[in-house]
Amino acid sequence: MADHPRFGPAGVPQMFRTMGAKLADVPKLLRVEELDAFEYAAVRWGQVPQMKQVDAETLGGEARKNDITLSLHGSYFINLFGEKEVVEASKRRLIACAQAAEWMGAYVVVFHAGFYGKNGKAETLRRCVESVREVSATLKSLGIEKVKLGPETMGRHSQFGSLEEILEVCRQVEDTQLVIDWSHLHARSGGGLRSVEDFRKIVTAAEEKLGTESVRNMHCHFSKIEYTYKTGEKRHHILEEPGFGPEFEKLAEVIVEFKMRPVMICETALQDVDAVKMKKKLGKIQKKN
Ligand SMILES: [Zn+2]
């Protein structure tokens, strides 16, 4: 939970890698760039944590020292709506991610819930609620108490994760974290995020369902995005790429209007560079108000 809007990259920025930086160096390098969030990418993980506890703890220590809020992006290999074995393996992957998140002090495990497949939409919602509840209870029994589960809004029509579905899971399951990927919503709606009002509608819908605090504390992903009307999300684009939306300035207006303090994770190929740009754009709008 952030005390003010925070910005940071999804994964270790390319430039840091080129410099030969170690994971433990990332928080202080982000601090130099005046960023204050980092989403660790555990996106290829299997059913056990794929980092050592000591490395996670070292990262966490450096993050606290440099005032960087940590989150963790869970494994892509999660589908809560497949065959029974797939669902059980998915839950174990989520638990592995949450374990590492707890070690490093990350406040949320963001994850993609899965694909509708042959299930109806009502059935996937029911199953999602059931699985997230179950994993959440398991985490508590393992003593993992600070990490929240955050199913993300998704960009493809085949994926569970419309705004309404995510709000409903968060309403029904205690201790979940609202995660809005704005680009995904833009892609899913065939370019629906154009005006400030389009962003405002989403925030208002979330506020009606989950209350003001949830909305102010939402976890966000942002990038520009390419989509097709048929399937939705196609690929992410950098912030300054012309011809693609959504525009961060419009969201920034709404952040100021609703006094939001989101953790804003930049998912463009220019991870940290674009995160700095977004922070500056918000700063300009804050000054104007
Ligand atoms: Zn994601």
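Data for the structure
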| quantity | calculated |
| --- | --- |
| Pairs with Cβ under 9 Å, 6+ apart, first in region 217-231 and within 30 Å of Y107 (Cβ to Cβ) and more than 16 Å from the ligand (Cβ to nearest atom), second part of a strand (DSSP E or B) and not hydroxyl-bearing (S, T, Y) | N217/V263 |
| Residue match in region 101-119 (condition: away from the ligand (no atom under 16 Å from the Cβ), in contact (Cβ under 8 Å) with a residue 24 or more places away in the chain, surrounded by fewer than 21 Cβ atoms within 10 Å (Cβ to Cβ) and among the charged types (D, E, K, R)) | no |
| Which listed residue, of V215, V203, is more than 26 Å from L139 (Cβ to Cβ) and surrounded by 18 or more Cβ atoms within 10 Å (Cβ to Cβ) | V203 |
| Out of R261, R200, R216, sole residue that is basic (K, R), touching a helix residue (DSSP H, G or I) at 6+ places or on another chain (Cβ under 8 Å) and under 26 Å from R31 (Cα atoms) | R261 |
| Filter result (surrounded by fewer than 22 Cβ atoms within 10 Å (Cβ to Cβ) and of a type outside the set (D, E)) within region 159-176 | S162, L163, L167, R171, Q172, V173 |
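Yes/no matrix, rows are residues, columns are (1) in contact with a Pro (Cβ under 8 Å, 6 or more places away or on another chain); (2) within 26 Å of F38 (Cβ to Cβ); (3) buried (at least 20 other Cβ atoms within 10 Å of the Cβ):
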position	(1), (2), (3)
E130	no, no, no
H157	no, no, no
R188	no, no, yes
R194	yes, no, no
L210	no, yes, no
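The numbers here are math on the coordinates, done by the rules we state, and not lab data. Quick caveat: nothing in here was measured; it's all calculated off a predicted structure. A quick note on method: Cβ atoms are made from the backbone with ideal geometry, for glycine too, and the neighbour counts reach across all protein chains shown.
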